[in-house]
Amino acid sequence: MAFVPPARHLLRAKDLADARYFEPLGVDDLARSAGLSRAHFSREFRRAFGESPHAYLLTRRLERAAALLRTTDQSVADVCLSVGLQSVGSFTTSFKRAFGLSPTAYRAEHPPAAHRALVPGCVVRAYARPQHRTFREDRAPARA
Amino acid sequence: MIRIANAQLWVHDQEEALAFYTEKVGMEVRADVTLPEMGDFRWLTVGPPGQEDVSIVLMAIPGPPVMDDETAGQVRALMAKGFAGTVFLTTEDCHASYEELRGRGVEFSEAPEERPYGIDSGFRDPSGNSIRLTEVRLPAEV
């Protein structure tokens, strides 16, 4: 088999970050997947892709978190854990630095997740149809 | 009428690429011809069963005089970094194809995920080329 260019091993580490960001993955794990020492790996990764592996992994997690904020109604703490980050405090700080808004404000800037759910028409019709109320019920107290 | 017949992908190693695209992705060999009069140039193409008129050319990176060493090194480096191109495949059932390919040892960098245009996933070939596997499904009008 032909000689494999070293960057192919770095790409393997980058792909690992993209595939398993939701696990408690760190730069050490990425370095191991590339078969390099941590210091050598970080230097080579930056040379190949123009940013540190730490920055790549973190921004992948923030990108995934932003998608969850837009498309789900998971709490900010759940979103943080769902993308493999442990501390909600540092998540909020990093998120704000990356997107210019706190996770809560970012979510508020986007249409509610419910608007984006591609619920089939038949389900909408089945579940959105109001319960029939009679004239008599108008005067009944809202809650019995 | 102009139609697409083949599209070419650089590969690091033709044997390795052939095994990957046939044994793991499930494609079939369309052409595998070595031409001694062209310095043993090997024309190697694969395609999905059932779609006979489109193939991917698995092209080895040539040496001089076709390509000088420096350029070949640049192509190799770009490919290894994952920036040498993408093949977009479609499937009727992304989750099923994902499980099938994973069962054959394909490592996905993106598991199937809902997108506005359907369900999308992604993996790489051994050379670093990016392959998308998409179930195209435009949103039904509500």
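Computed quantities for the displayed model
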| item | result |
| --- | --- |
| Segment B:60-133, relative contact order [Cα under 8 Å, separation at least 6], % | 32 |
| Relative contact order [Cα under 8 Å, 6+ residues apart], chain B, whole percent | 22 |
| Rounded to 5, percent antiparallel among DSSP beta bridges of the protein assembly as shown | 65 |
| Nearest-20 debye value, the protein assembly as shown charge dipole, Cβ charges on Lys, Arg, Asp, Glu | 1700 |
| Gained length - residue B:136 relative to residue B:78, 0.36 nm times residue gap less alpha-carbon distance | 18.0 nm |
| In segment B:1-52, GluC sites (Glu not before Pro) in a DSSP loop with at most 14 other beta-carbon atoms within 10 Å | B:52 |
| Of B:96, B:48, B:38, farthest towards positive along the dipole that unit charges on Lys, Arg, Asp, Glu beta carbons give chain B | B:38 |
| In range of the label at residue B:32: residues from segment B:59-78 whose backbone nitrogen is under 16 Å from the point 7 Å along Cα→Cβ | B:59-60 |
| Span from the segment B:18-44 Cα centroid across to the segment B:96-127 one, whole angstrom | 24 |
| Charge dipole (debye, nearest 20) of chain A; +1 at Cβ of Lys and Arg, -1 at Cβ of Asp and Glu | 280 |
| Cleavage-rule hits (GluC sites (Glu not before Pro)) in segment A:1-106: DSSP loop, at most 13 neighbouring Cβ within 10 angstrom | A:51 |
| Low-density loop cleavage sites - GluC sites (Glu not before Pro) in segment B:58-142, where at most 12 other Cβ are within 10 Å (DSSP) | B:92, B:141 |
| Mean separation of Cα contacts under 8 Å, 6 or more apart, over the residue count of segment A:6-128: relative contact order % | 22 |
| Which of B:117, A:35, A:130, positive extreme of dipole for the protein assembly as shown (C-beta unit charges) | A:130 |
| Rounded to 10°, Cα long-axis angle of helix B:69-80 versus longest principal axis of chain B | 20 |
| Label-point separation in nm, residue B:54 to residue A:96, each point 7 Å along Cα→Cβ | 4.8 |
| Positive-end extreme of charge dipole, the protein assembly as shown - chosen from B:22, A:81, B:82 (charges on Cβ) | A:81 |
| Paramagnetic reach from residue B:70 in segment A:10-50 [backbone N under 18 Å; point 7 Å along Cα→Cβ] | none |
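None of the figures in this text is laboratory data; all of them are computed from the coordinates on show. All values reported here derive from a predicted model rather than from experimental measurement. Virtual Cβ from ideal backbone geometry, glycine too; neighbours counted across all protein chains shown.
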